[in-house]
Each structure stands twice: as C-alpha cells, then as structure tokens.
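Before any comments, here is the structure.
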Amino acid sequence: MQPALWQQLDQAAAGIGQMRAGRSLTAWLPTVAPRLRPGVQALSFHVARHLGQALALRRLLAQRHLQEPVDALLCTTLALLAGEPAMYPAFTVVDQAVEAARRNPRTRAAAGLLNACLRRYLRERAALDAAVQGDPQAQWNHPVWWIEMLRRDHPEHWQLPLRAAGQHAPLVLRVNRQRASVPQVLARFEAAGLPAARLGGDAVELLAPQPVQAIPGFAEGHVSVQSAAAQRAAPLLLAGLKTPAPRVLDACAAPGGKTAHLLEINPAAQVTALDSDAARMVRVRENLARLGLQAHCVVADATAPAGWWDARAFDAILLDAPCSASGIVCRHPDIRWLRRENDIVQLAARQDALLAALWPLVKPGGRLLYCTCSVFRAEGAQRADSFLRRNSDAALLPSPGHLLPALWPRGEPVGDNDAYDDGFFFALLEKIPSFPSPS
Ligand SMILES: C[S@@+](CC[C@H](N)C(=O)[O-])C[C@H]1O[C@@H](n2cnc3c(N)ncnc32)[C@H](O)[C@@H]1O
C-alpha cells in the first residue's frame with residue numbers, strides 16, 4: 001500500500017531541516033524507512049529545486065520567526081505548491097501538510113498557523129508569486145552568491161546551468177567496450193522495450209528511467225551509470241599516450257567510474273586507483289569486479305606520495321579533484337544550499353595542493369588530466385592557469401575547458417562545446433621533457 005502523503009511530507013520536511021543544518025540529502029535518505037524512501041526522495045529533491053521561491057514566499061506569509069520543524073514544513077509545502085511542474089493538486093498538498101503538522105508532536109501547536117499561511121497562499125497566489133519575482137534567489141532557486149559567481153564566470157551563458165539545475169537528470173550509461181558494443185546494448189534495450197539513444201563515444205541515454213539494478217546488462221558489467229560529461233575524461237587522457245601498456249594513476253578514484261573507463265578503453269593499462277576514503281574505495285573494488293577489470297587499489301592521501309609511491313613515474317595521471325560539485329546540481333539538487341561561498345576558496349587550495357603534489361610523479365613527456373565537476377572558474381580554468389604560471393615544464397594541450405550543463409535533450413552548442421548533462425572542467429597538461437643543456 002502507498003504510504004500516505006502526510007507521512008512523506010513529514011519526512012521530507014525533516015530532510016529539508018537536516019539539509020539546512022548542513023547534511024546532504026543523499027547522506028540523510030538512508031535513515032528514512034525503506035517504504036517511505038522513494039517518495040521522500042522525490043519530494044525532498046523537488047523541494048530543494050524550488051527552495052529559493054519557498055523562502056521568499058515564507059517571508060511574505062509568516063510575520064514572525066518560526067521554529068525549525070515548523071519552518072521546514074512550511075517551506076517544504078510552499079516549494080511543492082509553487083514549484084512547477086506540480087507533483088500533486090494544491091488542495092491535497094495543503095490538506096496533507098496540515099495533517100502532517102497535527103500528527104507530529106513537534107509541529108502540532110503550529111498546525112493552525114500553517115493552515116492559515118498555506119490557504120492564504122492559495123487565495124493570493126498570483127500576487128504573491130509576482131511579489132517574489134524580483135528576488136534573484138526566488139527566480140533562480142540558487143543562493144545569490146552562486147548566481148553572481150556564474151554571471152562573472154560565464155557572462156554569455158550564466159543562465160544555462162541555473163535552468164539545467166531545475167530539471168531531472170538524464171540517465172546516461174557507459175558501455176563497457178570489453179563486454180559489449182554500443183549497438184549490442186541498444187539492441188538489448190530495444191528487445192526489452194526500453195527506448196534509448198546513442199550520445200557519442202561509449203555513452204547511451206536510457207530514455208525511460210530505471211532502477212540501476214534493473215537495467216539490462218548492468219549486473220553482467222555491460223553498462224555503468226556515468227554522465228556523458230564525465231565520460232570525456234578517460235579517452236582524453238589516454239588518446240595521445242605512446243606506450244601500449246601505460247602506467248596510469250587515478251589519484252582521486254572513488255567510486256571508480258573513471259578508473260573503470262580507463263581500463264575498458266585500454267585493459268593493458270597498469271592502473272593504480274588511489275583514494276583517501278577507505279569506505280568509498282570499497283565501491284571502486286565492487287565496480288571493478290562487476291565490470292571484470294583490475295586495478296591496484298590504494299587507500300592513501302594523494303598529497304603525501306612519500307607514504308604510497310614506489311618512485312616509478314607515471315605515464316599519465318588523472319586528477320578528478322574534490323570540488324564543489326556545482327556542475328552536478330541536477331543530480332544532487334541540495335548541493336546549491338549546502339555550499340558556502342568560502343568553500344570555493346578552500347577547495348581551490350586543496351586542488352592546488354593535489355596538483356603540486358602529483359606533478360613530480362609524471363614522467364617527462366607524460367600527461368596529467370586535471371578535472372572537476374564544477375562550473376566555477378575558481379575550480380577550473382583559474383587553477384589550470386595558476387598551475388601553468390608556476391610550472392614552466394607544463395604545457396596545456398588542446399582541452400575542452402569548461403563544459404556547461406544545459407537543458408536536456410541537448411540544445412545548441414555552448415561556445416566550442418556541445419551542451420552537456422553535467423558541468424565539468426578539463427585541462428590536459430603535458431610535462432615538457434627537459435633538454436640537456438649545451439656544454
Ligand atoms: C570527484 S570524486 C572522484 C570521482 C571519481 N574519479 C569517479 O569518476 O568515480 C573526488 C574523490 O577524491 C577523494 N579525495 C579527496 N581528497 C583526496 C586526497 N587528498 N587524496 C586522495 N583522494 C582524495 C575523495 O574521497 C573523492 O572520492
């Protein structure tokens with residue numbers, strides 16, 4: 001039996017409260033009872049996509065400061081009422097939100113106030129929606145600092161990632177070349193009645209979303225879930241390498257999407273997959289096992305190679321650095337509310353430290369691909385520029401630079417790039433071999 005909407009609303013509001021206290025919805029959702037979880041995820045993600053609107057409406061509707069469980073329930077309900085497309089009829093949402101307030105001892109006393117605010121919103125909706133339109137946080141459903149950073153960083157295209165962040169993420173798969181071809185996978189999907197489309201390279205979009213485990217060929221390692229933008233990394237790094245069995249380091253590897261892609265393209269590559277997070281490294285091992293691939297897996301800090309490096313230089317290093325994840329907001333709609341502007345400065349310092357520590361490990365003539373799933377220049381082009389200024393033995397090879405997420409299915413190209421499902425940055429760096437000085 002479907003759980004009642006009021007129960008899901010109560011839980012979704014709890015999740016939004018947690019999110020506002022700094023916890024990611026992805027980390028919090030496993031604490032929700034399994035029978036409620038799918039509905040609560042759908043509601044809380046929808047709320048995160050429309051929270052800017054809800055906060056502005058709440059300021060107009062509630063004259064006084066509300067305590068957290070009540071405020072979270074009010075904002076959750078307003079986001080559901082105001083956010084389009086609507087998930088439920090408006091009167092059902094209001095009725096069930098008041099029921100949720102009554103049933104929860106922490107919100108019971110405020111059920112009347114909640115009812116009054118919500119019914120006023122339904123009566124005066126047009127005027128209230130118009131009144132919040134001038135507020136950029138309400139219009140774009142992102143914090144103002146984020147909108148301003150995008151405006152500065154991408155003056156011609158700043159609205160694209162904001163619009164893309166309002167949509168549901170497409171389900172894009174990577175075909176494991178070692179086990180299947182793209183036409184074989186498409187034929188299997190067609191036979192199963194699942195519409196799918198080739199996106200280029202190893203990428204296929206499944207047009208009817210499925211639970212991952214139910215995707216034909218997933219358990220046998222024929223396909224993995226990975227965005228089309230993320231699938232740019234491995235071929236870019238491997239393309240120009242001259243050795244047939246290159247030594248490759250994936251320095252921030254977990255959960256292993258790009259490690260696996262490297263090995264699917266070149267199973268002879270000797271890949272070291274390194275990550276500082278032991279729990280996430282378990283997922284690298286599981287993914288490689290499912291796909292029938294092998295890497296040397298190491299749990300260690302990439303900025304301290306003395307602890308794990310055998311002093312043999314690498315032909316290629318992939319540095320998919322920790323970042324704000326501002327390019328994958330359509331998959332994780334809470335990210336925009338979890339990040340603070342100051343985080344970007346701190347992340348940039350970590351990215352510089354990783355680049356500085358790993359560069360000495362690259363062979364002369366070898367390559368390092370620096371990438372982040374961020375749309376901010378401070379984590380992309382600015383890091384690469386600053387690295388190139390400080391390292392005269394580094395040269396930038398032709399690289400995609402910033403990919404911007406756009407409305408899906410793909411629209412017009414953005415600058416020199418196609419529009420992508422995720423935002424990413426790629427800079428491919430080559431270590432210039434040193435020439436012996438003339439005697
Ligand atoms: C963007 S994720 C990597 C995603 C991965 N490349 C993939 O495609 O599946 C960044 C990873 O960097 C790891 N990390 C952060 N700081 C690190 C460090 N100093 N040394 C090693 N790994 C680190 C995090 O644990 C996280 O798993």
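The values are calculated or read from the model by the stated rules, or taken from the named source; none is laboratory data. Just so you know, these numbers come straight off a predicted model, no measurement behind them. In this analysis, Cβ positions are derived from the backbone assuming ideal geometry, glycine residues included, and neighbour counts consider all displayed protein chains.
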Go through segment 299-316 residue by residue and tally those that are buried (at least 19 other Cβ atoms within 10 Å of the Cβ) and hydrophobic (A, V, I, L, M, F, W, C).
-> 4
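Using the structure shown, decide if A325 is within 9 Å of the ligand (Cβ to nearest atom) and touching a His at 6+ places or on another chain (Cβ under 8 Å).
For A325, the condition - within 9 Å of the ligand (Cβ to nearest atom) and touching a His at 6+ places or on another chain (Cβ under 8 Å) - is met.
Can you name every residue in segment 156-197 that is in a loop (DSSP other than H, G, I, E, B), of a type outside the set (D, E, K, R) and farther than 23 Å from P333 by Cα?
Within segment 156-197, N176, Q178, A180, S181, A192, G193, L194, P195 meet the criteria.
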Which numbered condition trips up E341, out of (1) under 28 Å from S44 (Cα atoms); (2) within 12 Å of the ligand (Cβ to nearest atom); (3) surrounded by fewer than 18 Cβ atoms within 10 Å (Cβ to Cβ)?
-> (2)
Do the conditions hold for R120, that is, is it loosely packed, with under 15 Cβ neighbours inside 10 Å and outside any helix (DSSP H, G or I)?
-> no
Is it the case that segment 341-363 has a residue that's touching a helix residue (DSSP H, G or I) at 6+ places or on another chain (Cβ under 9 Å), part of a strand (DSSP E or B) and under 30 Å from M19 (Cβ atoms)?
-> no
Given the residues G39, G52, which is the only one that is closer than 21 Å to V144 by Cα and buried (at least 18 other Cβ atoms within 10 Å of the Cβ)?
-> G52
Please specify each residue of segment 234-257 satisfying the condition of being buried (at least 24 other Cβ atoms within 10 Å of the Cβ) and over 20 Å from A353 (Cβ atoms).
-> A234, L237, V248, G256
For R389: the one exception among (1) outside any strand (DSSP E or B); (2) away from the ligand (no atom under 15 Å from the Cβ); (3) buried (at least 18 other Cβ atoms within 10 Å of the Cβ) | (3)
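Would you confirm, using the coordinates I've provided, whether A229 is aliphatic (A, V, I, L, M) and surrounded by fewer than 20 Cβ atoms within 10 Å (Cβ to Cβ)?
Working: aliphatic (A, V, I, L, M): yes; surrounded by fewer than 20 Cβ atoms within 10 Å (Cβ to Cβ): no.
No.
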Count of residues meeting criterion [crowded, with 17+ Cβ neighbours inside 10 Å and out of contact with any Leu (no Cβ under 8 Å at 6 or more places or on another chain)] in segment 274-289 = 5
May I ask you to verify whether L236 is touching a residue at least 12 places away in the same chain (Cβ under 8 Å), over 15 Å from V175 (Cβ atoms) and in the same structural domain as P398 (by TED's automatic domain parsing)?
-> yes
